[in-house]
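Engineer: Below is the structure I would like to discuss, written out as structure tokens.
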Amino acid sequence: QVQLVESGGGLVQPGGSLRLSCVASGSIFSINGMGWYLQAPGKQRELVATITSGGNTNYADSVKGRFTISRDNAKNTMYLQMNSLKPEDTAVYYCRAYVSSRSGDVYTVWGQGTQVTVSS
């Protein structure tokens, strides 16, 4: 069915930048809201940023002014530009999409996650 493939994670020094990508593929009728989430070891997954199909965005307080979420609806792709990275940003970042099928079913799809490590 629908699957999300993430890329762009890696090791970066504090203050550096990284850009994550999430590409949706499969039997997609429409993708509504999308978002990025992070999960640190031993902790619950938490929201980083969301974006609607119309481009409205929402950010966690901890990343406001540093991260930018965007999407290209024609390519079924979402991005997370991460600037001024801090060691506290170290986590696995997951892509999430709310998908609508042609029959009207709605469901959530998660990506496999990509590791972001911020360390000197």
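The values are calculated or read from the model by the stated rules, or taken from the named source; none is laboratory data. Here the structure is a predicted model, which means the values were calculated and not measured. Cβ atoms come from the backbone with ideal geometry, glycine included; neighbour counts cover every protein chain shown. All accessible areas refer to the heavy atoms of the entire protein, side chains included, with ligands and DNA or RNA removed. Shrake-Rupley method; radii C 1.70, N 1.55, O 1.52, S 1.80 Å.
Engineer: State whether one or more residues within the stretch 94-106 are hydroxyl-bearing (Ser, Thr, Tyr) and at pLDDT 95 or above.
Structural biologist: Yes: the stretch 94-106 contains one or more residues that are hydroxyl-bearing (Ser, Thr, Tyr) and at pLDDT 95 or above.
Engineer: Here's another thing I want to ask about it. Say we look at the stretch 76-120 and pick out the residues that are outside any strand (DSSP E or B) and among the charged types (D, E, K, R); which of these is least open to solvent (accessible area, probe 1.4 Å)?
Structural biologist: 89
Engineer: Pull up the stretch 4-30, narrow it to residues that are part of a loop (DSSP other than H, G, I, E, B) and in contact with a Phe, Trp or Tyr (Cβ under 9 Å, 6 or more places away or on another chain), then point me to the one that is nearest to residue 92 (Cα to Cα).
Structural biologist: Among those that are part of a loop (DSSP other than H, G, I, E, B) and in contact with a Phe, Trp or Tyr (Cβ under 9 Å, 6 or more places away or on another chain), it is 9.
Engineer: Of everything in the stretch 34-73, what is surrounded by 15 or more Cβ atoms within 10 Å (Cβ to Cβ) and under 18 Å from residue 100 (Cα atoms)? Give them in sequence order.
Structural biologist: Selection gives 34, 35, 50, 51, 71.
Engineer: I've got another one for you. Just a yes or no: is a residue in the stretch 50-62 under 11 Å from the mean Cα position of the chain (by Cα), on the phi < 0 side of the Ramachandran plot and not hydroxyl-bearing (Ser, Thr, Tyr)?
Structural biologist: For the stretch 50-62, residues under 11 Å from the mean Cα position of the chain (by Cα), on the phi < 0 side of the Ramachandran plot and not hydroxyl-bearing (Ser, Thr, Tyr): present.
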